[in-house]
1. What single numbered condition from (1) within 20 Å of residue 344 (Cα to Cα); (2) without any contact (Cβ under 8 Å) to a residue 24 or more places away in the chain fails to hold for residue 170?
2. I'd like to check which helices (runs of 4 or more DSSP H) are fully inside the range 285-360 and have at least 3 residues that are surrounded by fewer than 19 Cβ atoms within 10 Å (Cβ to Cβ).
3. May I ask you to verify whether residue 93 is without any contact (Cβ under 8 Å) to a residue 24 or more places away in the chain, touching a helix residue (DSSP H, G or I) at 6+ places or on another chain (Cβ under 6 Å) and under 20 Å from residue 219 (Cβ atoms)?
4. Can you tell me which residue among 350, 322 is closer than 19 Å to residue 191 by Cα and touching a helix residue (DSSP H, G or I) at 6+ places or on another chain (Cβ under 7 Å)?
5. May I ask you to verify whether residue 263 is under 25 Å from residue 156 (Cβ atoms) and not in a strand (DSSP E or B)?
6. Out of all the residues in the range 192-205, is one or more crowded, with 17+ Cβ neighbours inside 10 Å and modelled with pLDDT of 90 or more?
7. Scan the range 74-86 and tell me whether some residue there is surrounded by fewer than 16 Cβ atoms within 10 Å (Cβ to Cβ) and within 15 Å of residue 128 (Cβ to Cβ).
8. In the range 171-189, how many are under 10 Å from residue 215 (Cβ atoms) and assigned to a strand (DSSP E or B)?
């Protein structure tokens with residue numbers, strides 16, 4: 001029987017075809033039957049619930065109590081043997097101060113286990129281990145999903161999706177998905193709200209879908225993020241809405257409870273259609289703001305967002321596909337390039353594009 005996590009990741013990612021090379025963490029299947037793809041936020045909830053039934057209760061224990069095995073797994077007291085995924089292996093390397101691929105490239109499995117165990121034995125402090133069962137893997141008792149701090153408080157994706165479905169129902173009962181992605185590091189999706197906006201002005205901007213972007217991570221990769229979002233129908237590029245208050249919720253996974261989160265969502269999602277409409281209008285304004293040096297502008301934008309300059313080349317190539325020497329054209333290039341990157345980086349770049357437009361296209365106070 002196929003593991004449910006494979007079905008979930010494949011199905012979610014197949015909602016929007018991949019049109020570029022990511023970092024290998026997202027998974028998709030282009031030939032997935034349409035009736036198995038999640039079309040709405042309501043469809044996501046049972047998928048998330050099915051995945052969450054495989055999660056084990058978290059364990060808090062001293063880091064020094066763990067032992068690596070020559071088989072590339074980890075022996076956990078009172079649990080058994082668990083296998084790394086890409087994210088937990090990276091976390092383990094950071095905790096123990098090793099450079100996994102470089103250090104162990106020419107090491108035997110026993111030599112690698114010995115080195116890791118020397119470092120485990122010298123480690124101080126405790127960690128919370130997040131693990132899940134994997135019925136189809138006979139080599140281990142489960143998968144080690146993450147090392148997080150003892151005070152880490154995850155927010156279940158199913159509970160969050162249910163809250164959003166309730167809070168967003170007055171604005172749009174259908175809640176269709178624009179895209180959804182699941183990786184070892186995060187879950188992200190965009191929910192469309194209402195009908196398309198037609199900002200007017202230049203036809204280059206085109207019609208815009210308003211919506212809400214959600215990014216959640218139950219493994220310590222990033223904070224919970226809920227933001228106003230706009231998608232350009234012409235090319236399905238998306239960005240955080242170019243409004244100063246576009247980020248509705250950004251919370252670390254610590255001391256979060258359902259009632260407080262639900263109340264915060266209700267408060268921040270007030271007057272949602274009107275705010276999305278203002279964001280769509282600002283895209284038109286951005287088309288009227290000329291940019292003299294696109295590459296220099298891109299470099300400054302990435303520097304301000306603490307993103308690597310190496311992305312300038314990909315964004316410049318995307319700009320060449322639709323050259324518009326305006327603030328809108330710059331943001332369009334960022335979001336076009338983001339479509340071919342990992343889901344995690346795509347969210348960061350879309351937020352960066354929206355923040356840039358909010359800074360240059362907003363009318364004076």
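1. Checking residue 170 against (1) within 20 Å of residue 344 (Cα to Cα); (2) without any contact (Cβ under 8 Å) to a residue 24 or more places away in the chain, the one that fails is (1).
2. Fully inside the range 285-360 and qualifying: 294-304, 311-321.
3. yes
4. Sole residue among the options that is closer than 19 Å to residue 191 by Cα and touching a helix residue (DSSP H, G or I) at 6+ places or on another chain (Cβ under 7 Å): 350.
5. Criteria met by residue 263.
6. Among the residues of the range 192-205, at least one is crowded, with 17+ Cβ neighbours inside 10 Å and modelled with pLDDT of 90 or more, which makes the answer yes.
7. Yes - at least one qualifying residue is present in the range 74-86.
8. Qualifying residue count, the range 171-189: 4.
The values are calculated or read from the model by the stated rules, or taken from the named source; none is laboratory data. In this text, all values refer to a predicted model and were calculated from it rather than measured experimentally. Please note: Cβ atoms are built from the backbone with ideal geometry, for glycine as well, and neighbour counts cover all protein chains shown.
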